[in-house]
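Structure first, then comments.
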Amino acid sequence: MLLVIDVGNSNTVLGLYQGDDLQGHWRVGTNNYRTGDELRILFTMLLRNEGMDPASIEGCCISSVGPQLNMALQEVSRTAFGVEPLMVGPGVKTGLQLQCDNPKEVGADRIVNAVGAIEEHEGALIVIDFGTATTFDAVTARAEWRGGAIVPGIQLAAEALFEHCAKLPRVEITRPEFAIGRDTVTNIRSGLTYGYADLVDGMVRRFGEEMGGKPTVIATGGLAHVMAEVGKSIDVVDPNLTLKGLKAVYHRNPRPSL
């Protein structure tokens, strides 16, 4: 079995593949101060709780935007699963050509998202990840990553309102019934939900004009389904896009050895 791990700013997502079949997946909070021992206990407990044997893992592929955790993650892969992990980064074969000014600056999560998208979709693509930050990635039909855009994530914006505006409450992000809110909560919910949906639609339009034609728009991340319901430009919602990309990257590289 192949274990894939995506370490984001807020959440860490794990997936376990048997061939092309996703046997299980888990989401836990990212804590940059966890030790290798803590991660080993957490990961093995998650697997065993679903009746899966950690000893059955034959490979591991990791993308991480938290460099503080990288050594601990490598230690866990070696000690708990007995495999050398493939860390997505410079020198790793992805099948994606980075056509940007500084390829080393491109986050591993954005790379694997794009790889996951080109694995399942043809033609030009726009990949949107609704995470702590909302990222937009432009991918050509020739599997070239041309660049993208970054804006604060929806949940991050909601927390900023709560923390910096004394009278504003914390609000759950759901689709409001009307754009014109009738109280403080529905005002905030409308602004965040419809405001971000229109931001997404506007950015997709601008990307499409610069890329030519009409790229397929694929969304992933925790609030992708909400944005797809409210906006007009998202064609596909794929919650497991990053995991699929990690699996594809792993199989494009020689198996690392301990």
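Brief remarks follow.
- Residue 137 vs. criteria open to solvent by less than 20 Å² (accessible area, probe 1.4 Å), among the charged types (D, E, K, R), in contact (Cβ under 8 Å) with a residue 24 or more places away in the chain and closer than 20 Å to residue 201 by Cα: yes
- Residue in region 198-220 that is under 16 Å from residue 152 (Cα atoms) and touching an Asp or Glu at 6+ places or on another chain (Cβ under 6 Å) present: yes
- Looking across region 58-86, the residues that are among the hydrophobic types (A, V, I, L, M, F, W, C) and closer than 20 Å to residue 38 by Cα come down to 60, 61, 62, 65, 69, 71, 72, 73, 76, 80, 81, 83.
- Looking only at region 19-38, residues that are more than 20 Å from the chain's Cα centre (by Cα) and either within 13 Å of residue 81 (Cβ to Cβ) or not small (Gly, Ala, Ser) (or both) come to 6 in all.
- Meets criteria (open to solvent by 40 Å² or more (accessible area, probe 1.4 Å) and touching a residue at least 24 places away in the same chain (Cβ under 8 Å)) for residue 257: yes
- None of 66, 36, 29 is open to solvent by less than 50 Å² (accessible area, probe 1.4 Å), more than 19 Å from residue 2 (Cβ to Cβ) and at pLDDT below 90 except 66.
- Given (1) in a strand (DSSP E or B); (2) modelled with pLDDT under 95, index of the condition residue 182 fails: (1)
- Failed condition for residue 127, given (1) modelled with pLDDT of 95 or more; (2) open to solvent by 20 Å² or more (accessible area, probe 1.4 Å); (3) not in a helix (DSSP H, G or I): (2)
The values are calculated or read from the model by the stated rules, or taken from the named source; none is laboratory data. Not measured: the values here are computed from a predicted model. Here the Cβ is made from the backbone with ideal geometry for all residues, glycine too, and neighbour counts use every protein chain on show. For the accessible areas, the whole protein counts, side chains as well, though only heavy atoms, and no ligand, DNA or RNA atoms are used. Shrake-Rupley method; radii C 1.70, N 1.55, O 1.52, S 1.80 Å.
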